[in-house]
């Protein structure tokens, strides 16, 4: 019985396997063409890989470049500004310009007819933002230019043209840079009327030993602009030891004789002198004027007249030119004084300090007998 049951189970198992095989054979077509179509359909039903775009370049790997250094052009200094020229003497002028941030040095050049108007390095210049040009000729046109220099290069040139005149150039209104570059044109001569520096407030004190009449005459190489009391071919006064004077023309009382005038003379000698900052003018005069023989009353009169004209300048070039002044304005006094003390200051505003030999001031004479004191000044052109 058991054997029979096992045989039946084996038969059923074989029938089931045969049925499964028959079902699988029905799913696949017998013809090759039908089989290929089924394979293609199965491939289309599966998600396809994206096609590569032949025009699109392959992406590069991402990199982080180092920070580029600035170019040398960016580090070059800016051009200087404020180039100006100021006359110092018959043959000398000062050139100056504003300092440039980042500049290590400057290069200065000049040109003139003597260099065939070719730019030439100025050997007078060494460093800084100012220098002095020498051996200049009257009425000749000169060119000056400067540029800033550092390790990365040079700036653009800043250029100016300048006509040197014996009468000078006003440094408060420096010449503009020459836009036309007219180096072959002859400079126009300035009329003599342009050369009129003012001889400012010479005052004359009289200190006789006793009250007496005194006559004072002035031979001035120029034109009076104002006198007080009025100059009538001289002053005739009655002077007392205190310095008080009675003008005999109108019986008015005075403590000094006053005059001002214009002159064509402008060849003042600045080879010696002092460079004085505007805010140091008072101190400078308080130190020097007593050495020249003025009393407190006299030098206070001097300071209150001249200091206001000088303190607003950045710098002043000052010299005491008494000998030249005495040739320009000669005094004749009767009776003749026993002692004469004359102080004449000549000055001009300058934009920058200049090299000048310090002036040795003469020792003032000791007052004795009839003493005449005169002080005055001139702002040079």
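Side notes on the structure shown:
- Residue in the range 336-349 that is over 29 Å from residue 216 (Cβ atoms), buried (at least 18 other Cβ atoms within 10 Å of the Cβ), touching a strand residue (DSSP E or B) at 6+ places or on another chain (Cβ under 7 Å) and at pLDDT below 95 present: yes
- Flag for residue 124 being modelled with pLDDT of 80 or more and part of a loop (DSSP other than H, G, I, E, B): no
- Close pairs from the range 142-160: first farther than 18 Å from residue 104 by Cβ, partner assigned to a loop (DSSP other than H, G, I, E, B), Cβ under 6 Å, at least 6 apart: 142/112; 145/157; 159/177; 160/83; 160/177
- Just one of the listed residues (148, 78) is out of contact with any helix residue (DSSP H, G or I) (no Cβ under 9 Å at 6 or more places or on another chain), crowded, with 18+ Cβ neighbours inside 10 Å and at pLDDT 80 or above, and it is 148.
- Criterion violated by residue 307 - all others in (1) without any contact (Cβ under 8 Å) to a residue 24 or more places away in the chain; (2) within 15 Å of residue 375 (Cβ to Cβ); (3) within 29 Å of the chain's Cα centre (by Cα) satisfied: (1)
The values are calculated or read from the model by the stated rules, or taken from the named source; none is laboratory data. These numbers were taken from a predicted model, which means no experiment stands behind them. Backbone-built Cβ (ideal geometry, glycine too); neighbour counts: all protein chains shown.
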